[in-house]
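The values are calculated or read from the model by the stated rules, or taken from the named source; none is laboratory data. Because the structure is a prediction, the values reported are computed rather than measured. Please note: Cβ atoms are built from the backbone with ideal geometry, for glycine as well, and neighbour counts cover all protein chains shown.
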Amino acid sequence: MADTLLVPVQPRSFDVWALDQVATLVAEAREINEGLRAVAILNGADPQGGDNEAALQMIGDIEGIEVLPTSIVRRKAFPNAAAEGRGVVEQIPRDAKAIDELTALIGAVFV
């Protein structure tokens, strides 16, 4: 299994613009580790609106970074679980959408 670099990106201009520098660093790292997989995921994605799609299109144009087909939406479940020292899968009440997003992320990274 190749090494994977997970790059969480908020659907905001500054985060997306910073990926050009990340891509440069990834290219340099691949000189040492040819099998390095760099993947980007929207983290803190908006629950609605067009910013997520716009960010995904911009990320998709960056060479050397794969865009994962899943996003982590900004949900209360994540900070609420962290405040209790838990993960969203342990949190009660359960947030099925948050759990599904996290499960999809794990499945996409550990293919």
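The residues of segment 88-106 that are free of Cβ contacts under 8 Å to residues at least 40 places away in the same chain and within 16 Å of N43 (Cα to Cα), listed by number, are V88, K97, A98, I99, D100, E101, L102, T103, A104, I106. Within the set of pairs 6+ apart or on separate chains, which have a first residue in segment 1-28 that is outside the structural domain of G107 (by TED's automatic domain parsing) and assigned to a helix (DSSP H, G or I), a second that is surrounded by fewer than 17 Cβ atoms within 10 Å (Cβ to Cβ) and of a type in the set (D, E, K, R), and C-beta atoms under 9 Å apart? Note: pairs meeting the criteria are A23/E63; A27/E63. Scan segment 53-73 for residues that are touching a strand residue (DSSP E or B) at 6+ places or on another chain (Cβ under 7 Å), within 14 Å of A38 (Cα to Cα) and aliphatic (A, V, I, L, M) and jot them down. Correct list: I59, I65, V67, L68. Is it fair to say L19 is more than 15 Å from the chain's Cα centre (by Cα), over 17 Å from L105 (Cβ atoms), among the aliphatic types (A, V, I, L, M) and buried (at least 16 other Cβ atoms within 10 Å of the Cβ)? Judged against the criteria, L19 is not a match. Would you check which residues across segment 69-111 are touching a Gly at 6+ places or on another chain (Cβ under 7 Å) and of a type outside the set (A, V, I, L, M, F, W, C) and list them? Correct list: R74 only.
For L68, the criteria (1) modelled with pLDDT of 95 or more; (2) within 17 Å of L105 (Cα to Cα) hold in every case but one, which is (1). Of everything listed in (1) crowded, with 19+ Cβ neighbours inside 10 Å; (2) at pLDDT below 95, the single unmet condition for G35 is (1). Residues being free of Cβ contacts under 8 Å to residues at least 40 places away in the same chain and small (G, A, S) are represented in segment 71-78 by at least one member.
Name the one entry in V67, V109 that is out of contact with any Asp or Glu (no Cβ under 6 Å at 6 or more places or on another chain) and in contact (Cβ under 8 Å) with a residue 60 or more places away in the chain.
On the way: V67 fails: in contact (Cβ under 8 Å) with a residue 60 or more places away in the chain.
Exactly one of V67, V109 is out of contact with any Asp or Glu (no Cβ under 6 Å at 6 or more places or on another chain) and in contact (Cβ under 8 Å) with a residue 60 or more places away in the chain, namely V109.
Hey, any hits in segment 27-36 for a residue that's out of contact with any Ser or Thr (no Cβ under 7 Å at 6 or more places or on another chain) and under 14 Å from V67 (Cβ atoms)?
Residues of segment 27-36 out of contact with any Ser or Thr (no Cβ under 7 Å at 6 or more places or on another chain): 27-36.
From what's left, under 14 Å from V67 (Cβ atoms): none.
For segment 27-36, residues out of contact with any Ser or Thr (no Cβ under 7 Å at 6 or more places or on another chain) and under 14 Å from V67 (Cβ atoms): absent.
Taking I99 as the residue in question, decide whether it is aliphatic (A, V, I, L, M), out of contact with any Leu (no Cβ under 7 Å at 6 or more places or on another chain) and loosely packed, with under 13 Cβ neighbours inside 10 Å. The answer is no for I99.
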